[in-house]
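The values are calculated or read from the model by the stated rules, or taken from the named source; none is laboratory data. A quick note: this is a predicted structure, and the numbers were derived from the prediction, not measured. Using ideal geometry, Cβ is built from the backbone for each residue, glycine included, and neighbour counts are taken over all protein chains shown. We work out accessible area using only protein heavy atoms, side chains counted, and drop any ligands, DNA or RNA first. Shrake-Rupley method; radii C 1.70, N 1.55, O 1.52, S 1.80 Å.
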Amino acid sequence: MLSALLAIPFLGALGLMLWPGELSLEKVRRAALALLLLQLAWSLRLLLLFDPSCGGMQLQESIPWIESLGLEYRLGVDGLSLPLVLVNAGLTLVSAYASTTVTQRPRLYFALLLVISGAVNGAFLSLNLLLFFLFYELELIPLWLLISVWGGARRAYAATKFLIFTAVSGGLILAAFLGLALVTGEADFSLTPVLSGQLGMGTQLVLLGALLVGFGIKIPLVPFHTWLPDAHTEASTPVSVLLAGVLLKLGTYGLLRFCLGLFPEAWAVAAPWLAIWAAVSVLYGSLAAIAQRDMKRMVAYSSVGHMGYVLLAAAAATPVSLLGAEFQMVSHGLISALLFLLVGEVYATTGTRDLDVLRGLLNPERGLPLTGSLMIVGVMASAGLPGMAGFISEFLVFRGSLAAFPVATLASMVGSGLTAVYFLLLVNRVFFGRLAVTPPEPGGPLDIRLPAVPLVRHLPAMVLTLLVVAIGLAPSGLGYLSEQATTAMSQFPALLAAISGKPA
Amino acid sequence: MAPLNPGRSRTRQAPIPTAAELEQRLLAGETLLAESPTHLLEVVGVLESYGEVLDAYSINLVYQAEKQFLNPLPIFKFLDGDPSLARIWKHLNHDRINFEYAEYCQKAMFWHGTGGLDAYLDTDAFRQSCAAIIRCKTRRDPLLGLLHPLFPDFLIELIRSAATTHALGQFWRVMSDLFLDLARAERDGRVGSIAQLVNFLMDGLVAAAAQPITYGVEVAGQRFWVLPPEAALTFLVDVAVPYVEAVFLRGMPFLGTVSFNAQAQQISPDQSRFAYGALYADPLPTMGAGIPPSLLMQDMYRHLPEPLHHWYRQQGRGEGDVRVKICASFQKAMFCVTNAAINGTFPHPLTSTDLTQQQANRAYAAAWVGRLSHARTDCLSDESAAEDGSRS
């Protein structure tokens, strides 16, 4: 069952590459869309088979692989990973749908998209640390290629920076996993929490620190974030959708599954510092976003800020805050994908993303009224306005974290307010006022001859908008799906304390 | 003095002729709008649709002034006396002419208040007529009977407004017929260039110049003059010129398009220096919420002649930005009408060899050019047709 979520994209990618004869862009794209639709359908089937009332791993599959290394092909799904698997399936489909201008090597491009999607599925479903690491690393090279081959003018710089940062991230995570096996003497690489009886707190903190930095790079958290704005700026729109919507979630997923899951006691010790780190990340990301002049960089910095909420929620580790973290991962995935799609549409139509250049794109006759309208909904959702997904996740995160870390939570709330500031600046500059795109030569006439965007190109953005509103209006479905898993995770520190006979 | 709208010049799409060039063109008898087959298609076509729309506006304004006179709740004023369910449904469903634009023009004329008509509205003769009308009306209307002693200027002001409404209705009657005649003349081959078009309009204006403007109402079976024949108000001087002043030149800042900051002196405290009229308007923001010209463009869109509609479909976004293209063409047409009005009101013939007469003509042209030189004259050049959309 779960293996099919790996087989569909991986075998599909292989099939695309090995298919005899010439394949046009449209044919390759349609084939990729068919495979991704199948993957989405399979993920939805998984949703039907999943029992939300059970907090543990379900639908497990296990095949011994290299037993001497402790590498076991072991998959399972719970309320934490299932929503992310669904988001992965949906956003890769959106990404492939939006890839209409890939003129160079379309086969390789779509095969790489499929490999990334399969690897992300593998990472979310892995119940073995080494297997997770393999999948975590597997998405790195395809993404590097997608940026460096199909990216913008400074793609080489951005792709190399991304590669170096993420390679360091992978190295730290591997070192932590190997270190854990080495010091505990248990080389099965299973997801069993470490007790203080097995390992001293100092060692636990060191290993947790390595994991935190590793996943902190991927999320990214300040000060390990500098690769993200560059990668987004140079990546094409579909790759940005995938990067923001899905790949960053590997970091936050790792934070919850491995940092909190493996080292709950050390986590409880480090939590106050992690909450401060989260608040700094939120405020820095928001303030940096205000200073941006490039729409894409602004959205990228907003991701830095919004991912900080997940760290705050994880630090508090209450049932409500962890549910909020899950909501935030899903809603940020959808909202950031939506925003990157729309920014991409603006760029494709006007040739610029510069906030000092664009004006009045909401003009109903010659502007991009639908793009602008969807953007306004997207930024409202991102700013956490009630009725949309962002509100539910931020409310749960803040509600769940306030009692544990009031100062850090209040600081993060300020960050949430700043989201409204920078996104209103964006909307005000780009979409309101008289339609005008400043010409390259200063003082020349303003360009108002923008081509219309066909409705069909807006289809993914409209679907994402509907999802964002649907989750905002009816959050109970996602809550029901994840509540058992997140509540179980929040019990780790208390349970372990009870087992070891110490207060949590 | 600093320009009232510093950012406006950046929205122009083609080179702007200098004041000297414009003056030279007027004095040489050349047209302001460049000669081109496209311009002819645009101006004739848009004026034909405008003629159809003005016909409806005119009928409604005259109806309002005569049949809805001093009606405190004129909820059926746009139905032209046909309050049938079908008509009300069409009205509510917006399958109708936007008479609100006609009211906007009437308000602009009334507010700016220039020319002989406005002067007459402040005379004793007019006040006496009003007093007679109000006496008769308040005897039978208890609401107005109560209101009038409380606000003694209110009903007089309403009658002034009704007088402007009727006068504008009469003015547009002439203009509607003239524009529809122009379309027929173009189809018959009598008008084949912008110069002939401007001459046709000038002849029409000159022919109607002395047409009397009168307005009478019936209250309780009694007939009263509001604008009597003795006032000697005429079409050109007392209504057409104030209309051009109020609607083509001065206008009013459109809410919702630009933030006009009065404290930053972005709006002139001198009403006569206003430059928000049709000749200064940016054609782009049409169809924004609350912007009156967008209503006119929508009305004209419903009456576009097929050749022009076909041409619009080939340009830019086709039907997608058709109202912007109509507005751009309309602005060209209004420059032609202004051109015809200037040509028809030169103090002396342009062919005169008398130096004094030439000087008077030059002074007259200079006065016009002083106002037109910062209007949207970028639409006059031959390139402007392409800029409006064909290069998209």
Across the range B:296-333, what is the number of residues that are on the phi > 0 side of the Ramachandran plot and away from chain A (no Cβ under 12 Å)?
0
Read through the list (1) closer than 23 Å to A:LEU180 by Cα; (2) in contact with a Leu (Cβ under 6 Å, 6 or more places away or on another chain); (3) open to solvent by 10 Å² or more (accessible area, probe 1.4 Å), then give the number of the only condition that A:LEU75 fails.
(3)
Please go through the range A:348-407 and pick out each residue that is assigned to a loop (DSSP other than H, G, I, E, B) and either acidic (Asp, Glu) or buried (at least 22 other Cβ atoms within 10 Å of the Cβ) (or both).
A:ASP356, A:GLY360, A:LEU361, A:ASN363, A:GLU365, A:ARG366, A:GLY367, A:LEU368, A:ALA383, A:GLY384, A:MET388, A:PHE405
Quick check on this structure: which one of A:THR166, A:THR192 is assigned to a helix (DSSP H, G or I) and of a type in the set (Val, Ile, Thr)?
A:THR166
Could you list, in sequence order, the residues of the range B:68-106 that are among the charged types (D, E, K, R), under 25 Å from the mean Cα position of the chain (by Cα) and assigned to a loop (DSSP other than H, G, I, E, B)?
B:ASP80, B:ASP95, B:ARG96
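Residues are listed down the side, and each one gets a yes or a no for (1) under 12 Å from A:LEU221 (Cα atoms); (2) charged (D, E, K, R):
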site	(1), (2)
A:LEU250	no, no
A:ARG257	no, yes
A:PHE263	no, no
A:TRP267	no, no
A:ALA270	no, no
A:TRP273	no, no
A:TRP277	yes, no
A:SER281	yes, no
A:GLY285	yes, no
From the list B:TYR57, B:TYR101, B:TYR63, which residue is more than 14 Å from every other protein chain (Cβ to nearest Cβ), open to solvent by 30 Å² or more (accessible area, probe 1.4 Å) and closer than 30 Å to B:ILE159 by Cβ?
B:TYR63
Do the conditions hold for B:GLN358, that is, is it open to solvent by 30 Å² or more (accessible area, probe 1.4 Å), free of Cβ contacts under 8 Å to residues at least 24 places away in the same chain and part of a helix (DSSP H, G or I)?
yes
Please specify each residue of the range A:213-224 satisfying the condition of being open to solvent by less than 10 Å² (accessible area, probe 1.4 Å) and not hydrophobic (A, V, I, L, M, F, W, C).
A:GLY214, A:GLY216, A:LYS218, A:PRO220
Checking the conditions here, which among B:ALA195, B:ALA162 is over 28 Å from B:PRO212 (Cβ atoms), surrounded by 13 or more Cβ atoms within 10 Å (Cβ to Cβ), hydrophobic (A, V, I, L, M, F, W, C) and under 27 Å from the mean Cα position of the chain (by Cα)?
B:ALA195
In this structure, is A:ARG297 away from every other protein chain (no Cβ under 14 Å), open to solvent by 20 Å² or more (accessible area, probe 1.4 Å) and out of contact with any helix residue (DSSP H, G or I) (no Cβ under 9 Å at 6 or more places or on another chain)?
no
In the range B:333-386, anything within 15 Å of B:GLY277 (Cβ to Cβ) and basic (Lys, Arg) is listed as B:ARG371, B:ARG376
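Conditions tested, residue by residue: (1) open to solvent by less than 10 Å² (accessible area, probe 1.4 Å); (2) part of a helix (DSSP H, G or I); (3) in contact (Cβ under 8 Å) with a residue 12 or more places away in the chain.
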residue	(1), (2), (3)
A:TYR97	no, yes, yes
A:GLN104	no, no, yes
A:LEU114	yes, yes, yes
A:ALA119	yes, yes, yes
A:LEU130	no, yes, yes
A:LEU134	no, yes, yes
A:GLY152	no, no, yes
Would you mind stating whether A:LEU37 is free of Cβ contacts under 8 Å to residues at least 40 places away in the same chain, open to solvent by 50 Å² or more (accessible area, probe 1.4 Å) and either of a type in the set (Asp, Glu) or more than 23 Å from A:GLU137 (Cα to Cα) (or both)?
no
All but one of (1) more than 22 Å from the chain's Cα centre (by Cα); (2) modelled with pLDDT of 90 or more; (3) surrounded by fewer than 16 Cβ atoms within 10 Å (Cβ to Cβ) hold for A:PRO503; which doesn't?
(2)
Subset of the range A:2-24, residues open to solvent by 40 Å² or more (accessible area, probe 1.4 Å), touching a residue at least 24 places away in the same chain (Cβ under 8 Å) and over 21 Å from A:LEU138 (Cβ atoms), comes to A:TRP19, A:SER24
So A:SER43 passes all but one of these: (1) touching a residue at least 60 places away in the same chain (Cβ under 8 Å); (2) outside any strand (DSSP E or B). Which condition number does it fail?
(1)
Residue list for the range A:46-61, filter: within 18 Å of A:TYR73 (Cβ to Cβ) and open to solvent by 30 Å² or more (accessible area, probe 1.4 Å)
A:MET57, A:LEU59, A:GLN60, A:GLU61
Residue pairs meeting the criteria (Cβ under 8 Å; at least 6 apart or on separate chains; first closer than 13 Å to A:LEU402 by Cα and among the small types (Gly, Ala, Ser), in the range A:269-280; second outside any helix (DSSP H, G or I) and open to solvent by 10 Å² or more (accessible area, probe 1.4 Å))
A:ALA275/A:ALA404; A:ALA275/A:PHE405
Mind telling me which of the residues B:ARG302, B:ARG273, B:ARG376, B:ARG391 ends up being surrounded by fewer than 24 Cβ atoms within 10 Å (Cβ to Cβ), at pLDDT below 90, of a type in the set (D, E, K, R) and under 22 Å from B:TYR104 (Cα atoms)?
B:ARG273
